[in-house]
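Here is the structure we will look at, set down as structure tokens.
The values are calculated or read from the model by the stated rules, or taken from the named source; none is laboratory data. Keep in mind it's a predicted model, so treat the numbers as computed, not measured. Reconstructed Cβ throughout: ideal geometry from the backbone, glycine too, with neighbour counts over all protein chains shown. Accessible surface areas use protein heavy atoms only, side chains included; no ligands, DNA or RNA. Shrake-Rupley method; radii C 1.70, N 1.55, O 1.52, S 1.80 Å.
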Amino acid sequence: MAEFNNQKHHFVHENAPPTEPVKKDSQALLRRAADESEEKYDDSWMNQIIEDSEDESRTSEFQEEANLVNLAERQDTEASGTVENPAINVKYSLGKELEPGDFIEIHATYSSESGWFSANLLDGSGNILIHINPRPNWRKTVMNSKIGGWQSEVRCELPSLKSYENFVMRIVMMDEFYKIYFDGKALSKTFPYRKSISTVNDIIFFGGNNGFKWNKIVLPGTEKAIEYTGLKAFQSKVNGLKQEILTKVAGTNLQEVKSYANSTEGSLTIFQWWLMKKFKTKESFFN
């Protein structure tokens, strides 16, 4: 018989043995015994066991919370609107079918004493299409998807957040991947679409405690993300300049090409094309 503990958001099985991590008190007892016997006691090995078991305990608890997706209450929302003070373990509908250029903004208050916290986009079957999980104790951000089971992780840096200050997480749908921003700064890695974003229905939050607070969701609307439209306009400009150069030199002899390249118009056009093509390959240019 499984009992659901609502306070801790995990299941308690009556017959299941306890799985608590190694306690630091155990070290004290072993040291005292060693002192009484005048033997040297090296407890450095146990430090790693304690750290590993604490991480495993947190991981286990978090994965149990992720399994609550199918039990979570679902709230319908109005498209192009906001959700104030969203609760954890509640599915909020996005109100529209996602497409490239759409974005979702999440406003929250960070606490350096908080454990793991995550934002998750779900399809209609409860699959997690993207799981964005900053882990302060690991000093990493982990992104993953759970489609039938957890898949391969993408790890990158932990965003620079200040305790008890507000921050904005922005999820931007690009052509082939999600791009995540914290306070306007993009994470160094993107996350690929492992299932079409058109199947995303809901967003759900897990975790966040000791002063951490989810404040608001800005739902996707008709406005497109500047990070997406700016990239498209830039690509169009580069292709336009390239076509202009090809048109100018088509059917001309080498001398005419040199003459055009040496002219003010030609050299400026070529320089613009080269410069923009150079920047096109540098993702940091769009951050």
Condition check: in contact with a Pro (Cβ under 9 Å, 6 or more places away or on another chain), open to solvent by 20 Å² or more (accessible area, probe 1.4 Å), within 18 Å of N89 (Cα to Cα) and of a type outside the set (A, V, I, L, M). Does G115 satisfy that?
yes
Among the residues of the stretch 118-138, what is the count of those that are among the hydrophobic types (A, V, I, L, M, F, W, C) and surrounded by fewer than 15 Cβ atoms within 10 Å (Cβ to Cβ)?
1
(1) in contact with a Phe, Trp or Tyr (Cβ under 8 Å, 6 or more places away or on another chain); (2) modelled with pLDDT of 90 or more: which one isn't true of K91, the others all being true?
(1)
Subset of the stretch 233-262 (residues that are open to solvent by less than 90 Å² (accessible area, probe 1.4 Å), closer than 29 Å to E105 by Cα and touching a residue at least 24 places away in the same chain (Cβ under 8 Å)):
F234, Q235
Within the stretch 99-110, does at least one residue satisfy the condition of being under 21 Å from K140 (Cβ atoms), at pLDDT below 90 and either aliphatic (A, V, I, L, M) or crowded, with 17+ Cβ neighbours inside 10 Å (or both)?
no
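Restricting attention to the stretch 113-127, which residues are assigned to a loop (DSSP other than H, G, I, E, B), of a type in the set (G, A, S) and touching a strand residue (DSSP E or B) at 6+ places or on another chain (Cβ under 8 Å)?
Selection gives S114, G115, G124.
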Quick one: would you say T269 is in contact with a Leu (Cβ under 7 Å, 6 or more places away or on another chain) and either more than 27 Å from E165 (Cα to Cα) or exposed (fewer than 12 other Cβ atoms within 10 Å of the Cβ) (or both)?
yes
List the pairs whose first member sits in the stretch 151-174 and is hydroxyl-bearing (S, T, Y), whose second member is surrounded by 17 or more Cβ atoms within 10 Å (Cβ to Cβ) and part of a loop (DSSP other than H, G, I, E, B), and whose Cβ atoms are under 6 Å apart, counting only residues at least 6 apart or on separate chains?
S163/S111
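Is one or more of the residues making up the stretch 185-204 touching a residue at least 12 places away in the same chain (Cβ under 8 Å), basic (K, R) and in contact with a Cys (Cβ under 6 Å, 6 or more places away or on another chain)?
Yes, some residue in the stretch 185-204 is touching a residue at least 12 places away in the same chain (Cβ under 8 Å), basic (K, R) and in contact with a Cys (Cβ under 6 Å, 6 or more places away or on another chain).
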